[in-house]
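Participant: Okay, here's the structure, questions in a sec.
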Amino acid sequence: MTDLRHAHDIARTIAATVLDRDPGALTSADSLSHQVFLGADVVVKVIGADRHTRMEREIALAPFLPEGITAPLLGSGVHDGVRYACHVRAPGTAPGMGLPGVDAGTARSLAGQAVRRLGLLHRWVPAEAAAETLREPLDHGGFVGRAGLFAVTESLTEADRDSVVSPVLLDGLARIAEGAPLHVDTVVPVHADSHWGNWLAEGDQVTTLLDFEWARFGVPMDDWFFVIGTSGPHRETVLDVVAGETGIPAELIRYECEVRHAAHLASDIFQALTGGDQAGLLRARLKGLADIVVERLWWHSA
């Protein structure tokens, strides 16, 4: 469902039905996964019913998540060929990938709150119904262990028929894989996509964490990686905050983040090589891989 006018009309109908009143004006918002429409006090997410089912994961988890961690779900279902979820609109706006326009003090404050809010999620003991959802297989593209990182590296090498991935980058991936932990535990609930585009804040105050469609069992570092890695020029400040809040040595955080960064990039490069017209994604991910294996991004200030 790509027709914005059609999606907007459906979103209005859904919001009016769920709220039992006129929802007022709805405006479209940027989203890679769904079509999203914002009202004064409501958010409607829609996607073609034949598309991916990650929204169903978020819907299934919504009744069980710790109170106050995300925007409440008002209603969900299928209408006129689309799957939908209707949420309360939480206050604030997304700080955004790279924290554009955010000063160091605000970045430090937001990071501390993000780590503490994620701590509520990591300490949550889900009911069995939610635990079943979190255990459902999900190709999240993240780090699943040394063998998994080697496997995705081998797959992208085989898929790279035009040799666009340089030997230097492949050697760098192999080096990171060789030093990676043998496996990663699945011991606590994690959001698994906690970048700064999925948070809302007012000034230096975090208000909520959005989009639980990738949530699963993992380890807290799976979330801290996104908080740190999408902080742009404040990466070192945010890494320092995570180290202070968790008591984990900064060097270990760098190592764990580098491994996860490599895993996500390798997975995205493989998808770009095999997914048709994704030249823009491929260029961006190759640049990202060069940053971590050539420029040693995670060790600049070590």
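The values are calculated or read from the model by the stated rules, or taken from the named source; none is laboratory data. Small disclaimer: the values here were computed from a predicted structure and weren't measured. All Cβ positions, even for glycine, are placed from backbone atoms using ideal geometry, and neighbour counts span all protein chains on display. Keep in mind that these areas ignore ligands, DNA and RNA; they rest on the heavy atoms of the full protein, side chains included. Shrake-Rupley method; radii C 1.70, N 1.55, O 1.52, S 1.80 Å.
Participant: Note down the accessible area of Phe226, probe 1.4 Å, to the nearest 10 Å².
Facilitator: 30
Participant: With everything on Cα atoms, drop me the angle between helix 250-274 and the longest principal axis of the chain, reported from 0 to 90° to the nearest 10.
Facilitator: Helix 250-274 sits roughly 70 degrees off the main axis of the chain.
Participant: Calculate one ³J(HN,Hα) per residue across the stretch 127-132 by plugging θ = phi - 60° into the Karplus curve 6.51 cos²θ - 1.76 cosθ + 1.60, and present them in order as whole Hz with x for glycine and proline.
Facilitator: 4, 4, 4, 5, 4, 4
Participant: Still on this model: Could you give the length gained on full extension between Asp41 and Thr274, defined as 0.36 nm per residue of separation minus the Cα-Cα distance, in nm?
Facilitator: Details: separation 233, 0.36 × 233 = 83.88 nm, distance 4.05 nm.
Stretched out fully, the Asp41 to Thr274 stretch lengthens by 79.8 nm.
Participant: Could I ask something else about it? Nothing charged except the Cβ atoms of Lys and Arg (+1) and of Asp and Glu (-1): what's the magnitude of the dipole of the stretch 76-175 about its Cα centre? Round to the nearest 20 debye.
Facilitator: My answer is approximately 640 debye.
Participant: Once amide H atoms are placed 1.01 Å from N in the peptide plane, what residues at a sequence separation of 5 or more from Gly75, or on another chain, have their amide H within under 5 Å of its amide H?
Facilitator: Cys86
Participant: Also: Looking at the stretch 214-296, I'd like the Rg to Rh ratio, where Rg is from alpha-carbon atoms and Rh is Kirkwood's inverse mean 1/r. Don't jump to the answer; show the numbers that get you there.
Facilitator: Details: Rg = 14.1 Å, Rh = 13.9 Å.
My calculation puts Rg/Rh at 1.02.
Participant: Follow-up. Give the residue from Gly48, Ala29, Ala85 lying farthest towards the positive end of the charge dipole for the stretch 4-88; charges sit on Cβ (+1 for Lys and Arg, -1 for Asp and Glu) and the dipole is referred to the Cα centre.
Facilitator: Gly48
Participant: Along the charge dipole of the stretch 162-302, Cβ charges K/R +1 and D/E -1, which of Gly247, His300, Ser231 sits furthest on the positive end?
Facilitator: Highest projection toward the positive end goes to His300.
Participant: Using Cα pairs closer than 8 Å and at least 6 residues apart in sequence, work out the relative contact order for the chain, in percent.
Facilitator: Relative contact order here is 19 percent.
Participant: Accessible area per residue of the stretch 11-51 at 1.4 Å probe, in Å²?
Facilitator: 50
Participant: Of Gly148, Ile10, Val168, whose Cα points farthest to the positive end of the dipole of the chain (charges on the beta-carbon: +1 Lys, Arg; -1 Asp, Glu; origin at the Cα centre)?
Facilitator: Value: Ile10.
Participant: Using only helices, what value at 222 nm comes out for the chain when you add -39,500 (n - 2.57) per DSSP H run of length 4 or more and divide by the total residues, to the nearest 500 deg cm²/dmol?
Facilitator: Rounded to the nearest 500, it is -15000 deg cm²/dmol.
Participant: Any chance you could list the semi-axes, whole Å, largest first, of the equivalent ellipsoid that the Cα gyration tensor gives for the stretch 4-88, using √(5λ)?
Facilitator: Over the Cα atoms of the stretch 4-88, the semi-axes work out to 18, 16, 12 Å.
Participant: If you take all C-alpha pairs in the stretch 160-254, what percent of them are over 20 Å apart?
Facilitator: 53
Participant: Shifting gears a bit: How large is the dipole of the chain about the Cα centre if only Lys and Arg carry +1 and Asp and Glu carry -1, each at its Cβ, rounded to the nearest 20 debye?
Facilitator: The calculation lands at about 200 debye.
Participant: What is the projected area of the convex hull of the Cα atoms of the chain, averaged over all directions, in nm²?
Facilitator: The directionally averaged projection comes out at 15.9 nm².
Participant: Still on this structure, please answer the following. Determine the sum of side-chain charges near Leu120: Lys and Arg each +1, Asp and Glu each -1, restricted to other residues whose C-beta is under 12 angstrom from that of Leu120.
Facilitator: Values: positive: Arg116, Arg117, Arg123; negative: Glu67, Asp223.
Charge balance near Leu120 sits at +1.
Participant: How large, in percent, is the carbon and sulfur part of the accessible surface of the stretch 84-164 at a probe radius of 1.4 Å?
Facilitator: 53
Participant: Across the Cα atoms of the stretch 172-213, what radius of gyration and what greatest pairwise Cα-Cα distance (Dmax) are found, in Å?
Facilitator: 15.9, 42
Participant: Return a whole-number percent for the relative contact order of the stretch 4-88, with Cα pairs under 8 Å and 6 or more residues apart as the contact set.
Facilitator: 27
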